[in-house]
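Undergrad: Take a look at the following structure, please.
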Amino acid sequence: MLGTVKAVASDTDTEAVYRWARDYGYWAELPEDESTFIKTIQIMSIEFDGGNGNEEITVLMSRTDYDAIAIKPGDLVRYIPHESDNPLPSYAQGVAQHFWNLFGCIAVLCREDDIKCRKRYVTGIYRVADGVELNSHGDQSEELAKRIDPITYLPLQSRTY
């Protein structure tokens, strides 16, 4: 997915999401104490062109990576789920592996104020393997005809795929 960061959750927001998920039976394999979740996960929402207007999706990433990158609302980012079921060594065992299964990888492509950079990209959801545009349900749609280079994330000539 390529999109613009709309909001970055505060610790209070993250705690509320964690409590809601636990109350509804999600994330049962995680510790009951939300402090580890807050220290490990950063939540943010990303807006993209969904074909019929803007859509917004909430994604999770490693707090360590987030702190290193300092992602801010307005930045253009690339989000991909983990490409491997084999986590990094720091997430390879016990409860840590459950955290690995929750989040993906986010990279900043352009900072909010870099208009020239932002104009190079087309927001949307794209298949990792070949860059074909998908809808927000992960399906290829007849009316969606955009495609990006899956390595550079830059748009390729539009045609039906």
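Undergrad: Express in nm, to one decimal, how much length is gained between Asp130 and Ile115 on full extension, taking 0.36 nm for each residue of separation and deducting their alpha carbon distance. Display every interim value, and only then the final one.
TA: Details: separation 15, 0.36 × 15 = 5.40 nm, distance 2.65 nm.
Result for the pair: 2.7 nm of gain on full extension.
Undergrad: Here is a further query. Please name whichever of Asn52, Thr14, Cys117 sits farthest to the positive end of the charge dipole of the chain, dipole taken about the Cα centre and charges placed at Cβ: Lys and Arg +1, Asp and Glu -1.
TA: Cys117
Undergrad: Now for a different question. Please list, or write none, the aspartates and glutamates whose alpha carbon is within less than 15 Å of the alpha carbon of Lys39, excluding same-chain residues fewer than 8 places away.
TA: Partners found: Asp11, Asp13, Glu15, Asp65, Asp67.
Undergrad: Another one. What's the extension gain from Lys72 to Lys39 if we count 0.36 nm per residue and subtract their Cα-Cα distance?
TA: Roughly 10.1 nm would be gained on extension.
Undergrad: Could you state the accessible area per residue of the chain in Å², with a 1.4 Å probe and every protein chain left in place?
TA: Numbers: 9240 Å² over 161 residues.
Value returned for the chain: 57 Å² of accessible area per residue.
Undergrad: P(r) for region 7-73, please, calculated from all Cα pair distances in 5 Å bins and given in %.
TA: 3, 16, 24, 23, 15, 11, 6, 2, 0
Undergrad: Quickly estimate the mean residue ellipticity at 222 nm for the chain, helices only: each DSSP H run with n ≥ 4 gives -39500 (n - 2.57), and the total goes over all residues, rounded to 500. Kindly include the intermediate steps, with their values, before the conclusion.
TA: Values: 5 runs with 38 residues, N = 161.
That comes out to -6000 deg cm²/dmol.
Undergrad: Further question on the same structure: Below 8 Å, C-alpha to C-alpha, sequence gap of six or more: please give me the relative contact order for region 2-124 in percent. If you can, show how the numbers build up before the last one.
TA: On the way: 183 pairs, mean separation 38.6, N = 123.
Here the relative contact order equals 31 percent.
Undergrad: Now for a separate question. What part of the accessible area of region 2-124, given as a whole %, is carbon or sulfur when the probe is 1.4 angstrom?
TA: Working: 3300 of 6830 Å².
With neighbouring chains kept in place, the figure for region 2-124 is 48 percent.
Undergrad: So I have (i) 1.84; (ii) 1.09; (iii) 0.97, and one of them is Cα Rg over 2.2 N^0.38 Å calculated from this model. Which one is it?
TA: It is the value labelled (ii).
Undergrad: For the chain, give me every cysteine whose Cβ has no other Cys Cβ within less than 4.7 Å, ordered by residue number.
TA: So, Cys105.
Undergrad: Then there is this: Need the list of aspartates and glutamates near Lys146 for cross-linking: C-alpha distance under 19 angstrom, and skip anything on the same chain fewer than eight residues off.
TA: List returned: Glu47, Asp49, Glu55, Glu56, Asp130, Glu133.
Undergrad: Nearest 20 debye, what's the magnitude of the dipole of the chain about its Cα centre given +1 on Lys and Arg Cβ and -1 on Asp and Glu Cβ? Don't skip to the end; give the middle numbers.
TA: Working: 16 positive and 26 negative charges, 131 e Å.
That gives the chain a dipole magnitude of about 640 debye.
Undergrad: Place the peptides 61-71, 117-127, 22-32 in order of packing, highest mean first, counting for every residue the other Cβ atoms within 10 Å and averaging per peptide.
TA: Values: 61-71: 15.4, 117-127: 17.6, 22-32: 11.6.
Highest mean packing first, the order is 117-127, 61-71, 22-32.
Undergrad: Moving on. Suppose each label sits 7 Å from its Cα in the direction of the beta carbon; what would the Glu32-His137 distance come out to in nanometres?
TA: About 3.9 nm, to one decimal.
The values are calculated or read from the model by the stated rules, or taken from the named source; none is laboratory data. What you are looking at is a predicted structure, and each value in this text was computed from that prediction instead of being measured. Heads up, the Cβs are rebuilt from the backbone with ideal geometry, glycines too, and the neighbour counts pull from every protein chain shown. Keep in mind that these areas ignore ligands, DNA and RNA; they rest on the heavy atoms of the full protein, side chains included. Shrake-Rupley method; radii C 1.70, N 1.55, O 1.52, S 1.80 Å.
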